[in-house]
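For reference, the structure is listed below as structure tokens.
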Amino acid sequence: MADALIAIERLTKRFGAFTAVDDVSFTVGRGEVLGFLGPNGAGKSTTMRMLAGFMPPTSGTARICGHDVVDQPVAAKRSLGFLPEGAPTYPEMTVSGFLGFCARIRGFRGSEANDRVGHAMDLTQLGGVWLQPIETLSKGFKRRVGLAQALLHDPPVLVLDEPTDALDPNQKHEVRGLIQSMAPEKAIVISTHILEEVDAVCTRAIIIAQGRVIVDAPPKALERDGKSLEQVFRELTLPGKEAA
Amino acid sequence: MRAALTVAARELGGYFSTPVAYVFIVIFLILSGAMTFTLGNFFARGQADLVPFFSFIPWLFLFLVPALTMRLWAEERRLGTIELLLTLPIPPWAAVVGKFLAAWAFCAIALVLTFPLWITVNILGDPDNGVILTGYLGCLMVAGAYLAIGAALSAATKNQVIAFVLAVAVCFLFVAAGSPIVTEFLSDRIPALAEAARALSVAERFNSFTRGVIALRDLVYFASMIGFFLFLNAVVIDHRKAD
């Protein structure tokens with residue numbers, strides 16, 4: 001792919017004898033939304049953590065906008081918006097305080113920092129709670145604070161680990177709309193357990209089980225034989241069913 | 001460096017938005033004051049100086065500073081925010097230095113708040129304020145050394161209690177190394193080690209500050225202590241990010 005913003009090549013992560021991610025390769029170009037599917041413990045979060053430069057891979061490489069996440073970590077992270085699993089934030093900080101910190105640490109100062117924070121809060125509809133400490137917010141708001149943090153610097157690459165987890169149906173709809181509206185400009189990877197979400201926003205789906213990529217295809221192609229995505233998912237990931 | 005200062009500002013704000021800061025400062029002021037006036041015989045000595053106050057600082061900090069540092073990294077791991085902090089576009093050392101600077105600034109604030117003692121001694125007599133100032137500088141150096149040790153140990157373990165106990169133990173080694181009990185024991189048996197123990201001792205270096213002496217070798221000692229343990233901290237964080 002000519003315009004690959006994310007390039008993962010033969011990425012492997014072992015914890016002792018256990019192989020969490022096994023020889024995973026894929027690329028994501030501008031305009032693509034990649035849905036990362038798989039049962040719990042399949043290696044989704046581990047792959048995303050390696051891509052974000054949080055976990056060093058055992059072998060293989062991951063590049064963001066051409067920057068290797070191990071050799072040029074700061075340059076790679078500058079081009080990346082990352083929502084870690086569970087959307088961790090500092091509970092005692094206010095929403096605007098937390099986002100202001102993220103803006104300053106990304107090098108924005110003064111009015112530009114304020115504009116960035118304001119824009120990110122608009123996108124994720126946090127305006128009403130900007131002075132509240134994060135620990136007093138509901139789960140859905142906390143998730144959106146994490147999302148706002150990832151969008152703040154308008155990065156070319158977004159890696160979102162379960163972005164719609166804990167959101168109510170309306171909020172899920174909003175976040176999907178947001179992802180779709182940003183999609184043409186960016187390369188986006190989202191992990192999710194919600195298969196309808198893949199249908200709704202993703203241009204491509206990767207199913208991963210036991211650390212290996214089993215399927216890499218557009219969601220429409222997976223559903224071809226009149227089966228729902230859920231049936232395909234079950235067939236591919238339930239043990240004993242993968243004859244291939 | 002800018003990133004480190006941004007981290008430091010956030011951390012310092014974090015201390016004051018939780019009860020940690022207030023509990024620490026109040027307990028520190030009560031204990032330091034009480035020790036100065038009771039165990040230190042502040043009045044009975046009949047001398048206008050802060051020696052009774054300074055002499056307890058290495059021992060007071062021995063327990064209070066690890067209480068401050070035990071949560072530095074352990075808390076980030078517990079909340080998962082370490083994943084956020086270390087995926088921001090900053091080198092890991094900036095996070096390490098930022099956290100250290102915030103804790104150090106916090107200790108400086110606690111020390112500044114002991115100013116009533118300084119006022120008292122100036123009302124009662126005519127102390128050498130230069131010596132008092134170097135004494136405070138010495139306190140800050142001791143706090144810095146303890147903080148660097150405690151922060152590195154907090155990075156090495158997930159468990160806050162383990163981080164606290166280990167930090168107290170390691171800091172105690174560095175204080176006790178210069179105490180007469182240890183040096184006399186060593187010079188009787190292994191004279192070569194006695195000299196080394198005294199050279200490594202925090203207490204020995206601190207005492208020269210409280211006598212009004214700022215020696216370059218003492219500054220180098222504290223700077224290399226802090227530098228070494230911060231380096232260790234950065235290495236540990238880099239290798240055990242996700243554990």
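The residue that is farthest from the chain's Cα centre (by Cα), among those in segment A:132-153 that are within 15 Å of A:Ala103 (Cβ to Cβ) and without any contact (Cβ under 8 Å) to a residue 60 or more places away in the chain, is A:Val145. If you check B:Pro116, B:Pro58, B:Pro19, B:Pro92 for being at negative phi and buried (at least 21 other Cβ atoms within 10 Å of the Cβ), only one passes: B:Pro58. Just to be sure before I move on: is B:Ile57 in contact (Cβ under 8 Å) with a residue 60 or more places away in the chain, touching a Ser or Thr at 6+ places or on another chain (Cβ under 9 Å) and not in a helix (DSSP H, G or I) in the structure I sent? Judged against the criteria, B:Ile57 is not a match.
None of B:Leu85, B:Leu101, B:Leu72 is under 15 Å from the mean Cα position of the chain (by Cα) and within 14 Å of chain A (Cβ to nearest Cβ) except B:Leu72. For segment A:43-55, a residue qualifies if it is within 13 Å of chain B (Cβ to nearest Cβ) and either of a type in the set (Gly, Ala, Ser) or more than 18 Å from the chain's Cα centre (by Cα) (or both), and the qualifying residues are A:Ser45, A:Ala52, A:Gly53.
Report the residue count in segment B:1-52 for those that are within 14 Å of chain A (Cβ to nearest Cβ) and at pLDDT 85 or above. The qualifying residues number 21. Scanning segment A:108-124 for residues that are closer than 17 Å to A:Lys13 by Cβ and surrounded by fewer than 21 Cβ atoms within 10 Å (Cβ to Cβ) turns up nothing. Close Cβ contacts (under 6 Å, 6 or more residues apart or on different chains) running from residues in segment A:105-121 that are among the aromatic types (Phe, Trp, Tyr) to residues that are assigned to a helix (DSSP H, G or I) comprise A:Phe108/A:Arg116.
Only one entry in B:Leu85, B:Leu50, B:Leu72 is more than 30 Å from A:Lys142 (Cα to Cα) and either surrounded by 20 or more Cβ atoms within 10 Å (Cβ to Cβ) or not hydrophobic (A, V, I, L, M, F, W, C) (or both), namely B:Leu50. Selection of strands (runs of 3 or more DSSP E) fully inside segment A:146-244 by the criterion of at least 1 residues being basic (Lys, Arg) returns A:204-209, A:212-217.
Looking at the structure I just gave you, is A:Lys77 in contact with a Ser or Thr (Cβ under 9 Å, 6 or more places away or on another chain), in contact (Cβ under 8 Å) with a residue 24 or more places away in the chain and of a type outside the set (Val, Ile, Thr)? Spelling it out, A:Lys77 is indeed in contact with a Ser or Thr (Cβ under 9 Å, 6 or more places away or on another chain), in contact (Cβ under 8 Å) with a residue 24 or more places away in the chain and of a type outside the set (Val, Ile, Thr). With respect to (1) within 14 Å of chain A (Cβ to nearest Cβ); (2) part of a helix (DSSP H, G or I); (3) at pLDDT below 95, the lone exception for B:Ile90 is condition (2). Whether a residue is facing chain B (nearest Cβ under 9 Å), part of a helix (DSSP H, G or I) and either closer than 17 Å to A:His153 by Cα or under 20 Å from the mean Cα position of the chain (by Cα) (or both) was assessed, and A:Ala113 does not pass this test.
Scan segment B:196-206 and tell me whether some residue there is in contact with a Pro (Cβ under 9 Å, 6 or more places away or on another chain) and surrounded by 19 or more Cβ atoms within 10 Å (Cβ to Cβ). Among the residues of segment B:196-206, at least one is in contact with a Pro (Cβ under 9 Å, 6 or more places away or on another chain) and surrounded by 19 or more Cβ atoms within 10 Å (Cβ to Cβ), which makes the answer yes.
For every residue, the table says whether it meets (1) in contact (Cβ under 8 Å) with a residue 24 or more places away in the chain; (2) in contact with a Lys or Arg (Cβ under 9 Å, 6 or more places away or on another chain); (3) at the interface with chain B (Cβ under 7 Å from one of its Cβ atoms); (4) among the aliphatic types (A, V, I, L, M).
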| residue | (1), (2), (3), (4) |
| --- | --- |
| A:Val69 | no, yes, no, yes |
| A:Tyr90 | yes, yes, yes, no |
| A:Leu99 | yes, yes, no, yes |
| A:Trp130 | yes, no, no, no |
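Is it true that some residue in segment B:110-122 is in contact with a strand residue (DSSP E or B) (Cβ under 6 Å, 6 or more places away or on another chain), free of Cβ contacts under 8 Å to residues at least 24 places away in the same chain and either among the hydroxyl-bearing types (Ser, Thr, Tyr) or under 28 Å from A:Pro88 (Cβ atoms) (or both)? So far as segment B:110-122 goes, no, none of its residues is in contact with a strand residue (DSSP E or B) (Cβ under 6 Å, 6 or more places away or on another chain), free of Cβ contacts under 8 Å to residues at least 24 places away in the same chain and either among the hydroxyl-bearing types (Ser, Thr, Tyr) or under 28 Å from A:Pro88 (Cβ atoms) (or both).
The values are calculated or read from the model by the stated rules, or taken from the named source; none is laboratory data. Fair warning: this is a prediction, and the values are worked out from it, not measured in the lab. Glycine also receives a Cβ, built like all others from the backbone with ideal geometry; neighbour counts cover every protein chain displayed.
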